[in-house]
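Let me begin by presenting the structure, written as structure tokens, before commenting on it.
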Amino acid sequence: MKEIFNWVKSISEPKKELGGHSICPFAKIASRFKIVQPQKEIIPPEDREFDVIVYTLPDSITLEDINSLCDNLYKKYPDLIVLPDHKDRDTYINDVKTNNGQHNLILCQPKQKLKDARSALKKTDYYTYWAKDYLKEILGEDYDMD
């Protein structure tokens with residue numbers, strides 16, 4: 001799982017292509033994050049004291065399956081944000097690759113903590129570097145937040 005730790009470090013580092021922002025400004029302050037390989041199903045901890053849980057999934061899971069799993073998790077745990085990161089789906093912000101490219105992952109974060117971070121980012125130029133469709137996909141219900 002060294003690759004995942006390196007990826008988290010990479011998305012935390014400022015990028016000139018993003019105006020000095022990192023891909024994920026939240027990642028660099030997420031001190032309580034862990035990587036979990038679920039045995040059967042993904043069951044987040046009941047307490048929401050964590051910042052991010054990175055769930056590793058089998059190499060064989062398809063993009064459609066990981067998206068469906070995220071949709072189901074979001075319905076089951078509406079106080080969490082769950083985002084897919086499929087190894088075969090390259091994603092970018094202003095030509096900077098954002099996905100890890102080696103593992104199939106689900107990133108799970110407490111919704112309120114992420115909403116607060118997104119609200120702070122909205123006061124900067126961070127989101128101006130994003131393509132509208134990708135921004136809508138990642139922000140979901142927060143897309144139109146004021």
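Remarks
- Multiplying each eigenvalue of the alpha-carbon gyration tensor of segment 89-134 by 5 and taking the square root yields semi-axes of 21, 17, 7 Å, largest first, rounded to whole angstroms.
- Along its principal axes, the chain has C-alpha extents of 41, 29, 28 angstrom, given from the largest down.
- Extended-chain gain in nm, criterion 0.36 nm per residue less alpha-carbon gap, residue 65 and residue 41: 7.3 nm
- Between residue 98 and 91, 92, 93, the built amide H atoms are under 5 Å apart, and every one of these is 5 or more places off in sequence or on another chain.
- Remark: the residue 115-residue 135 segment gains 5.8 nm on full extension, using 0.36 nm per residue and subtracting the alpha carbon distance.
- Antiparallel bridge percentage (DSSP; both residues within the chain; nearest 5): 80
- Selected from 67, 80, 24, residue furthest toward positive end of dipole (the chain; charges at beta carbon): 24
- Each residue in 103, 86 was given a count of other beta-carbon atoms within 10 angstrom of its own, and listing them fewest first yields 103, 86.
- Modelled FRET efficiency - R0 22 Å, residue 76 with residue 97, Cβ distances, 0.05 increments: 0.15
- For the listed residue pairs 16/111; 34/76; 15/76; 40/122; 15/75; 40/113, the alpha carbons are over 31 angstrom apart in 15/76; 40/122; 15/75.
Read the figures in this text as sums done on the coordinates, not as results from a lab. Keep in mind that what you see is a predicted model, and the values were worked out from it rather than measured. So basically every Cβ, Gly included, is an ideal-geometry build from the backbone, and we count neighbours across all protein chains shown.
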